[in-house]
1. If r is the Cβ-Cβ distance from Arg86 to His19 and R0 is 25 Å, what FRET efficiency results, to the nearest 0.05?
2. Give the residue list of trypsin sites (Lys or Arg not before Pro) in the range 119-202 that are DSSP loop and have at most 14 other beta-carbon atoms within 10 angstrom.
3. Going through the range 40-116, which GluC sites (Glu not before Pro) have at most 14 other Cβ atoms within 10 Å and a DSSP loop state?
4. For the range 1-137, what does the equivalent ellipsoid look like in terms of its semi-axes, each the square root of 5 times an eigenvalue of the Cα gyration tensor, given largest first in whole Å?
5. Report the full-extension gain for the segment Asp62 to Glu102: residue separation times 0.36 nm, less the Cα-Cα distance, to one decimal in nm.
6. Might you tell me the accessible area per residue for the chain, computed with a 1.4 Å probe and given in Å²?
7. Please identify which residues in the range 115-131 have an amide N closer than 18 Å to a label point set 7 Å out from the Cα of Lys197, following the Cα→Cβ vector.
8. Working out 0.36 nm times the residue gap between His116 and Lys172, then minus their Cα-Cα distance, what length gain in nm do you get to one decimal?
Amino acid sequence: MTEQDSQQDSQEEWIAGKHPVMEALRSGREINKIWIAEQSQKNAAPIIAEAKKAGIIVQFADKRKLDQMAEGTTHQGVVAQAAAYRYFELEELLERARSSGEMPFLLLLDEIEDPHNLGSILRTAECTGVHGVIIPKRRSASLTATVSKTSAGAVEYVAVSRVTNIAQTIDKLKEAGIWVAGADVGAHQDVYASSTKFDMPLALVIGNESKGIGRLIREKCDFLIKLPMNGHLN
């Protein structure tokens, strides 16, 4: 592979699945080309029509070729090659909140490693009106085809920022007048308690799947909250 090919690959992403590809089309995402499995032409008719309106090339191919492109992601006979996902600056997230006329509501993900979990969080964030999601550049899942598929296309609408240092980012959020809450299983404050108030500019920290929130990040939170658990699983 030449250096030019490597640079081109880093500027492109694969989107797999009927719903993620359709949401990418609807959101106006820059798509270079769409591949449809020959056996899936009928089911993919709405995508073909949408692509035709946008002037995007659609190519029919054997399912095995799509399997290679999607690299293990369930593609449902539809794969698209698109421009790489755009990450936002922290200030852009704050501006999105200000321009919405709503209290800022952000999510900080402290080393979420499973792309399926990241996709699920983005889907929930899109449904609940989160203004932006912040992830660290290291030791964290990033925006990939698997994340897009799991998010059911929400990745096209939720602004995601990648930062070098979560602790320093919390300091910047506090300077901007935003309170920081940590979701921690050891917290004393119940999220459903009548004394728990969320009518404030808020950033909610969600920790790693196994370790939870790191010690330094936990100490920087203004308060900690927990979901009540009635079953045996944590």
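The values are calculated or read from the model by the stated rules, or taken from the named source; none is laboratory data. Note that the structure is predicted; figures quoted are calculated from it, not measured. Cβ atoms come from the backbone with ideal geometry, glycine included; neighbour counts cover every protein chain shown. These area figures cover heavy atoms from the full protein model, side chains too; ligands, DNA and RNA do not enter into them. Shrake-Rupley method; radii C 1.70, N 1.55, O 1.52, S 1.80 Å.
1. 0.75
2. Here the sparse-neighbourhood loop sites are Lys137, Arg138, Arg139, Lys197.
3. Numbers: sites: Glu50, Glu71, Glu89, Glu91, Glu92, Glu95, Glu102, Glu111, Glu113; in loops: Glu71, Glu89, Glu102, Glu111, Glu113.
Within the range 40-116, the qualifying GluC sites (Glu not before Pro) (loop, at most 14 other Cβ atoms within 10 Å) are Glu71, Glu89, Glu102, Glu113.
4. Over the Cα atoms of the range 1-137, the semi-axes work out to 30, 18, 15 Å.
5. Numbers: separation 40, 0.36 × 40 = 14.40 nm, distance 4.79 nm.
Separation in residues times 0.36 nm, less the Cα-Cα distance, equals 9.6 nm.
6. Values: 13000 Å² over 234 residues.
Heavy-atom accessible area per residue stands at 56 Å².
7. Within reach of a label on Lys197: no residues.
8. Result: 17.3 nm gained on full extension.
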